[in-house]
1. Return the calculated 222 nm mean residue ellipticity for the chain, to the nearest 500 deg cm²/dmol, obtained by summing -39500 (n - 2.57) across DSSP H runs with n ≥ 4 and dividing by the residue count.
2. State the three equivalent ellipsoid semi-axes of the chain, derived from the C-alpha gyration tensor as the square roots of 5 times its eigenvalues, in descending order and whole Å.
3. Expressed as an acute angle from 0 to 90° and rounded to the nearest 10, what is the orientation of the C-alpha long axis of helix 13-28 relative to the principal long axis of the chain?
4. Can you give me the angle between helix 150-170 and the longest principal axis of the chain, using Cα atoms only, in degrees from 0 to 90, rounded to the nearest 10?
5. Calculate the dipole size of the chain relative to its Cα centre from +1 charges on Lys and Arg beta carbons and -1 charges on Asp and Glu beta carbons; express the result in debye to the nearest 20.
6. Got a sec? Charge dipole of the chain, +1 on Cβ for Lys and Arg, -1 for Asp and Glu; which of G146, V79, A19 is way out at the positive end?
7. Segment 1-79 to segment 175-193: how many Å between their Cα centroids?
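Read the figures in this text as sums done on the coordinates, not as results from a lab. Everything quoted here is computed from the prediction, not taken from an experiment. Methodologically, a virtual Cβ is constructed for each residue, glycine included, from the backbone with ideal geometry; neighbour enumeration extends over all protein chains shown.
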Amino acid sequence: MAVKDAGPVRPSARERLLAAANELFYNEGVHTVGIDRVIEQAGVAKASLYNTFGSKDELVRAYLQGRHDNVARRITQAVERYDTPRERLLAVFEGQGELFAQPDYRGCAFNRASAESHPGDATEQAAEAYRRWVRTLLTELATQAGAPEPDVLARQLHLLYDGSGQSARMDHDPTAAASARAAAATLLDAALT
């Protein structure tokens with residue numbers, strides 16, 4: 001007896017809401033886009049949003065968590081391509097450059113969203129968690145590379161990381177990460193001498 005193919009599986013309401021939020025919030029802003037537009041684009045009932053997320057703030061948090069996960073995966077993959085601590089640290093900027101090269105890159109989702117946030121809200125909390133992740137990663141990699149003051153070097157590198165993201169967006173320059181990587185190499189070499 002042959003099994004009948006049911007065709008493609010339709011994404012869940014949660015998946016459709018997150019996809020719509022990802023597109024709309026990233027392109028237009030978390031506060032500019034009303035919940036009705038997200039619901040309409042996702043093709044779900046309003047009750048689905050509230051049953052799934054409870055509020056727009058929680059949808060924003062989930063959207064930013066998805067962005068965080070994607071960036072972390074890309075950066076981690078870049079770091080894991082290398083064996084030496086020096087190259088692993090500099091690979092953070094290579095991973096960032098891969099993000100900048102995407103045709104739909106419009107800047108850091110966390111910078112964009114936090115510009116619209118209020119103290120303590122879900123957006124600010126998600127942006128702070130992302131920044132902690134970046135700083136922790138840079139500190140761990142600086143420690144592994146033998147930097148005598150890894151926290152200091154990590155702060156300097158974080159400034160380069162932020163600046164290259166801003167340059168990639170504002171100057172429409174996907175090569176900004178390569179410049180940041182070169183500057184990071186100079187900072188790392190200076191820290192190690």
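1. On the way: 9 runs with 139 residues, N = 193.
Taking each H run of at least 4 residues, the total per residue is -23500 deg cm²/dmol.
2. 36, 20, 15
3. 60 degrees
4. Taking Cα atoms only, the helix is inclined about 50 degrees.
5. 400 debye
6. A19
7. First find each Cα centre; the distance between them is then 36 Å.
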